[in-house]
1. If you build the Cα gyration tensor of the protein assembly as shown and take the root of 5 times each eigenvalue, what three semi-axes come out, in whole angstrom, biggest first?
2. When the Debye formula is applied to the Cα atoms of chain B, each taken as the same point scatterer, what base-10 log of I(q)/I(0) results at q = 0.09 Å⁻¹?
3. Just how far, in whole angstrom, is the range B:75-144 from the range A:370-389 if you go by their alpha carbon centroids?
4. First measure r as the distance between the Cβ atoms of A:Glu173 and A:Val342, then evaluate 1/(1 + (r/R0)^6) with R0 = 51 Å and state the FRET efficiency to the nearest 0.05.
5. For chain A, modelled as a GNM with alpha-carbon contacts under 10 angstrom, which of A:Gly345, A:Gly96, A:Gly280 fluctuates the most?
6. Under a Cβ-Cβ limit of 4.7 Å, which cysteines in the protein assembly as shown have nobody to pair with?
7. Between B:Leu229 and B:Glu53, how high is the FRET efficiency from 1/(1 + (r/R0)^6) when r is the Cβ-Cβ distance and R₀ = 35 Å? Nearest 0.05.
8. Averaged across the residues of A:288-297, what count of C-beta atoms belonging to other chains lies within 10 Å of each residue's C-beta?
Amino acid sequence: MTPEKPNRWRALRTTLTAVVVLVAYILAYRGSFVASDTPIDLRRLFSVELWSKGGPLLRDFLTPDLVDREIQPVTLQLPVPVPCGSAENGVPATTGPRLVPSVPCAAPRDKFRVEGFELQPDTELQLRWRLPSGQYFPGPFITTDADGHFSAEFEARPIVATKDGVPGQIEVELQVEVGAVKLSRAFFDVLDGVIVTIFMALIATAAAVVVAAPLSFLAAQNVTRRGRVGTAVYYLVRTVFNILRSFEAIVIATLFAFWVDFGPFAGVLALTVVTIASLGKLFSEAVEGIDPGPVEALTATGANRLQVVWFAIVPQIVPNFVSFIIYHWDINVRISTIIGYVGGGGIGYYLAQMINTGQDNKAGTAIWAIVLVVWAMDFISAEVRKRYT
Amino acid sequence: MLEVQHLHKVYPNGTRALTDVSFQVEDGEFLVVIGLSGSGKSTLLRCINRLIEPTQGKILWDGTDVTAASGAELRGIRRQIGMIFQQFNLVKRSSVLTNVLAGRLGYVGTAGSLAGVWSSADRASAVRALERVGLAEKAQSRADALSGGQQQRVAIARALMQNPKLILADEPVASLDPVLSHSILQYLEQLNREEKITVICSLHFLDLVHRYATRVIALKDGEVVFTGLPQEIDKARFKEIYGEDAIEVKAGLSA
Ligand SMILES: Nc1ncnc2c1ncn2[C@@H]1O[C@H](COP(=O)(O)OP(=O)(O)O)[C@@H](O)[C@H]1O
Ligand SMILES: [Mg+2]
């Protein structure tokens, strides 16, 4: 009668297994789409090349994006008169982040080198010409090396010219981290997602209780199965529960998606239906498992059927009901994560988006959040059930 | 007055629990039903308030045909008949007071009672009923925190809330110690004598029968094999009711 024995580590184990499966899935997905003409080439699943990417992917997952520092754009500039003599030459700095051209000035269409020093390492930047008018011309993309250095060829544009004695400048925009370390954007997005998922599960569970609790009495032999009408109702409700229970939440979610847009609403609706079926069965079994003595005693006092249910049955089933409800909320958090993954919103949806756009660190944040939430819900639900029964 | 006429009960599985049972109970009697277990005592008591549907026969309560009643009429009859069970049948997780108030359910509206609203008169009489069985200070305890004897006294208080004219007691002391047996039966005897409540009670031990019964009927395999005064049950009658191999055992500690 009581739900599955709670095991504190079961949830963690299940989630970690899910992470491994997810990594395999992403590898297979990316492998088959990126590198092959045929949409899905299963042979690639077994290629060494593909699986060698598993390492970095796993590393990204294990180093979630949790904190970052405030970023401020900083523009490095250096005047380079075109043509020479049209304005004063710029003097490059000798320390700190700086741009150093190979010539102090240039004629139109001249090619020269620009070097950068002490910039952010391993970063892609764009060189450009800033005109005296404020407009700019984009130049080449460059990537700094591990020391924050680059060297690139740059061309003096024919139209670039000094105007009213003000020279054009070569320029690069840097993203400089300033200020204290703070929780990252991804952290708050994930927190949002987690809250949405927990609430989706809560709403679905609550809605299901409202429907399943009364119906469960109709599906209980000892309450309903009396006379022809009662027996018919009993079998009808039972059959509905059984049919609904044979569907997976995700299948129902997909069915609902044809009807309402695929999103949190379809997800909650699907989850509600599945929970009604499951709670309905658990509830009605709890009702059937009561001590019939008090029912007999209160019937004998002349109480009517509703009074008997309320006074003799309800007090007996409250602990069971509470425990089933919490247990299901816990389960629903997991299911709504999965429904979210295929489009139902919440943390699952966030995870899917991050994976599909290759932001694996952020996907890692989401995965850790899911592990944590699932484990915490499992723990809390086990504790509450222990206390209440 | 209660009249049972040619009562038959055959369970759906074919067991013939009662066969052509007829007897009368005058107001104010303390009628004890005896018989081996399986002889049909529980079935008989439950047919009287229709917790079990008789297969055939008639039960008249003060001229009303109990067997023909249904719905509100049946509930109206039931609320005049208190019932006490071997297993006490209290709602264990509810408070003692709620259990006692539940005896009033046949008299109050559905909506109010479901909302937990009780009149001050009902509350007052619940407290009085608990005082009567000596458990006033236990009103707020959970029913399952009480001992067996105390629970049976709560059950009596619950029956009292019905203002019953008749109390059916199905082996009310079979789960209790002999000392407690007497205390429970004395409460019933007191109600019988002081409030003129008719009592129909099934019992196991003959010494208890002799002590409390004003009249006895004996069942054997669903048939009435004896009706009479307790002192008329001699050795021969005893063997007739309980079988050749039976020996009389006493509950003991006669009060
Ligand atoms: N619900 C039932 N279904 C079938 N047979 C029953 C049922 N209840 C009682 N019986 C049978 O009816 C007979 C009388 O039982 P019961 O009235 O409980 O006797 P007692 O109370 O004297 O022990 C027994 O043979 C018992 O097995
Ligand atoms: Mg019995």
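1. 89, 24, 21
2. Treating every Cα as an identical point scatterer, log10 I(q)/I(0) equals -0.40.
3. One Cα centre to the other: 38 Å.
4. Efficiency, from the Cβ-Cβ distance: 0.85.
5. It is A:Gly96.
6. B:Cys47, B:Cys201
7. Computed FRET efficiency for B:Leu229 and B:Glu53 comes out at 0.60.
8. Average per residue, whole number: 5.
Every number in this text was worked out from the coordinates using simple rules, so none of it is lab data. Computed from a prediction, not measured in an experiment: that's the story for all the values here. No Cβ is skipped: glycine too gets one built from the backbone with ideal geometry, and neighbour counts run over all protein chains shown.
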